[in-house]
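The structure appears below as C-alpha cells.
The values are calculated or read from the model by the stated rules, or taken from the named source; none is laboratory data. Small disclaimer: the values here were computed from a predicted structure and weren't measured. Cβ: placed from backbone, ideal geometry, glycine included. Neighbour counts: every protein chain shown.
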Amino acid sequence: MKVLLDSNVLLRWNIRAAPQSQLVIRAIDRLIARGVDLCYTSQNFGEFWNVLTRPLDRNGFGLTPAEAEQRAERIEDRVELLPDNPTVHLVWRRLLIDCRVSGVQVHDARLVASMLVHGVPRILTFNTKDFARFTDIEAVHPTDLCK
C-alpha cells in the first residue's frame, strides 16, 4: 500500500513548530508501522519548497535555500518520488475535463493523476474536501489515523 503525502503534510512533518505538526508525526508513524510506503511528487515537493523559503510576512517559514535543502533531503531519503511522465500528463488533462476542474484546483488534479498512474490509492492531506470530486482515490485527514 502506498500513500501520497500532500504538501501541507510534508511541511508539518518537517517543521516541528508548525501547527498540527505532532498530529502529522503520529499519523505518519502509524502509516509506517502498518508498512505503508510514503510517496511525494515533484509538484508537492515544489509547493513544500515554496512555503519553506517564502518570507514570514508572506505566510511562509522564511528559511534560506540551504536550510530548505536540509529539510528536503530528509524527505528524499525517506519518501518515494512518483516521477512525472507523459501518461501522468494525459491522465491529468482528462481529469481537468471529466471533473470540471478550474483555478487552483488544477494542482490537486495533477497530484491525483500521478496517484492514478502510479497506483497510489490514498493521499494524506488536511484538505480532504479538495479531493472529494476525484472518486478513484481516497483523501485521508491525519486525524482519521489518530483516533
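Residue 82 passes all but one of (1) within 15 Å of the chain's Cα centre (by Cα); (2) loosely packed, with under 14 Cβ neighbours inside 10 Å; (3) closer than 15 Å to residue 114 by Cα; which number fails?
(2)
Against the definition (surrounded by 15 or more Cβ atoms within 10 Å (Cβ to Cβ), basic (Lys, Arg) and over 17 Å from residue 13 (Cα atoms)), how does residue 100 come out, yes or no? Reasoning before the result, please.
Values: surrounded by 15 or more Cβ atoms within 10 Å (Cβ to Cβ): no; basic (Lys, Arg): yes; over 17 Å from residue 13 (Cα atoms): yes.
It is false that residue 100 is surrounded by 15 or more Cβ atoms within 10 Å (Cβ to Cβ), basic (Lys, Arg) and over 17 Å from residue 13 (Cα atoms).
Could you list, in sequence order, the residues of region 6-25 that are buried (at least 19 other Cβ atoms within 10 Å of the Cβ) and more than 18 Å from residue 69 (Cα to Cα)?
Correct list: 6, 24.
I'd like to check something: does region 26-40 contain any residue that is within 23 Å of residue 104 (Cα to Cα), surrounded by 18 or more Cβ atoms within 10 Å (Cβ to Cβ) and either of a type in the set (A, V, I, L, M, F, W, C) or touching a Lys or Arg at 6+ places or on another chain (Cβ under 7 Å) (or both)?
Among the residues of region 26-40, at least one is within 23 Å of residue 104 (Cα to Cα), surrounded by 18 or more Cβ atoms within 10 Å (Cβ to Cβ) and either of a type in the set (A, V, I, L, M, F, W, C) or touching a Lys or Arg at 6+ places or on another chain (Cβ under 7 Å) (or both), which makes the answer yes.
Is there any pair linking a residue in region 1-30 that is of a type outside the set (D, E, K, R) and in a loop (DSSP other than H, G, I, E, B) to one that is modelled with pLDDT under 95 and surrounded by fewer than 16 Cβ atoms within 10 Å (Cβ to Cβ), with Cβ under 7 Å and at least six apart or on different chains, and which?
These pairs meet every condition: 15/21.
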